[in-house]
Ligand SMILES: [Zn+2]
């Protein structure tokens, strides 16, 4: 995926062209040192999509954080995944 604009709290990327029968399944990105959460911008990006969306964060610690949700084209269903992450300490 090609980056169009990137900053400490923002990334705009060009998605690859998909065939008619293809769709995005998972959108995963990092908030680096910030604890994982869905930002206002994430909510806007995900609001009309059907996919699984995930954010990882706290990557500078021994206990990274993660949040995932199912996006259903207007509603979000949060998934409890934090206990799936191993402690790196
Ligand atoms: Zn985000």
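Quick note: the coordinates plus some simple rules give every number you see, no bench work behind them. The structure displayed is predicted, hence computed values, not measured ones. Cβ coordinates were reconstructed from backbone atoms using ideal geometry, including for glycine residues, and neighbour counts include every protein chain displayed.
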Point to revise | Top-ranked residue of region 24-39 - restricted to ones that are over 9 Å from the mean Cα position of the chain (by Cα) and more than 9 Å from the ligand (Cβ to nearest atom), ranked as farthest from residue 1 (Cα to Cα) | key: 35
Practice item. Can you run down the residue pairs with Cβ atoms below 9 Å, 6 or more apart or on separate chains, where the first is in region 19-35 and over 14 Å from residue 66 (Cα atoms) and the partner is exposed (fewer than 11 other Cβ atoms within 10 Å of the Cβ)? Key: 24/15; 24/18
Practice item. Give the residues of region 46-89 that are free of Cβ contacts under 8 Å to residues at least 24 places away in the same chain and either touching a helix residue (DSSP H, G or I) at 6+ places or on another chain (Cβ under 7 Å) or closer than 12 Å to residue 29 by Cα (or both), sorted by residue number. Key: 68
